[in-house]
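Have a look at the structure below before the remarks.
The values are calculated or read from the model by the stated rules, or taken from the named source; none is laboratory data. Quantities reported herein were computed from a predicted structural model and do not represent experimental measurements. Note that each Cβ is placed from the backbone with ideal geometry, even for glycine, and that neighbours are counted across all protein chains shown. Just the protein is used for accessible areas: all its heavy atoms, side chains included, with ligands, DNA and RNA removed. Shrake-Rupley method; radii C 1.70, N 1.55, O 1.52, S 1.80 Å.
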Amino acid sequence: MTQPEEKKAKNGSKAKKVRNIILKILGAIVIAIILFLGIVYITNVISSNSEAKKIEPYGQHVSVDGKNMNVLIQGEGKETIVLLPGYGTAAPALDFKLLIDELSPHYKVVAVEPFGYGLSDGTEKERTTENIVSEVHEALQQLNINKYILMGHSITGIYGIDYVNKYPNEVTAFVGIDSSVPTQPGMDVKFPLKTFAFLKKSGLQRLAVKFGSDPYTGLPFDEHTVEQMKMLSNKNSNSSTMLNEMDHISSNFKGAQGLTFPKELPLLLFVQANNEDIKGWIPLHEGQIKDSVHGKVITMDGTHYLHHTQFKKIAEDVRAFMNEAK
């Protein structure tokens, strides 16, 4: 063998060794990833089963469409407030607890947990505004609740504007807590539903939540309520019902764009004062009340979840507003 041939053979042998080492490393990485995902998946299954036994019932079940919808009723006031959650709020009746405690000495407060939320059943029925509004109304009918102030957070601004137009003889006022506006920008986005479904099923969602920041830090919830909300979040977040609603967000917003709140309906909107994500957030809400005989926008410092920190002020302002509207 000539020297060049010998050198070529040696180089080939070295390249083969390097290739084998790389393949072994890649194989080890793949095995490690598979083991990691397996452990995460099994941990999620075990944790989910364990948490299912620890979640405590609250409220009462109402039969709607052959399924159970959970409703919490607190207070015995002459007037009734119906509370509806923002999109993805895993346990609405608990999330609203601070506000409910402030309102219930003066009102009968009814916190409705739509299908897929809180302790309510999930559903395969499409999460269109029409279906969601119809189901909530049916729950109230079952409870013989026929006159009420409709009050809600975030996406309730979309469902609520449809609701008050469909049932004008029942709703006595609408109160929005940083509520969505049909014409707000950026709601034509297409969400990666399959990715979210994979994250939930694989257990990676639970892992991310565990090592992420605690959304309840510094808030005046008691530890037990926080624990229950976290377990219900693990159960409900990115469920098939929630993802179906997410898939309809764009069309639900679009469908609401031709609607306005009835001119004679008292309209109170609590709005985040420093929303930097949505351009013209305050003017959008001011536009909603401009034709109202009795409409008001109140700006508040805080996050989108104003009822977590401004619950006392919200309760006070609701009472004052309703007294003025009489």
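Miscellaneous remarks
- Failed condition for Leu98, given (1) modelled with pLDDT of 95 or more; (2) closer than 24 Å to Pro168 by Cα: (2)
- In segment 118-133 there is at least one residue that is surrounded by 17 or more Cβ atoms within 10 Å (Cβ to Cβ), under 24 Å from Leu265 (Cα atoms) and without any contact (Cβ under 8 Å) to a residue 24 or more places away in the chain.
- Strands (runs of 3 or more DSSP E) within segment 52-129 that include 3 or more residues of a type in the set (S, T, N, Q) and farther than 19 Å from Leu306 by Cβ: 67-74
- Residues in segment 153-177 that are assigned to a helix (DSSP H, G or I) and touching a residue at least 60 places away in the same chain (Cβ under 8 Å): 8 in all.
- Pair list, Cβ < 7 Å and 6+ apart or interchain, from segment 39-65 residues that are open to solvent by 90 Å² or more (accessible area, probe 1.4 Å) to residues that are modelled with pLDDT of 90 or more and part of a helix (DSSP H, G or I): Tyr41/Ser202; Lys54/Met231; Asp65/Glu135
- The residue of segment 292-304 that is least open to solvent (accessible area, probe 1.4 Å), among those that are hydrophobic (A, V, I, L, M, F, W, C) and closer than 14 Å to Ala273 by Cα, is Met300.
- Among helices (runs of 4 or more DSSP H) entirely within segment 195-291, having at least 3 residues that are at pLDDT 95 or above, surrounded by fewer than 19 Cβ atoms within 10 Å (Cβ to Cβ) and not aliphatic (A, V, I, L, M) singles out 223-236, 249-256, 281-289.
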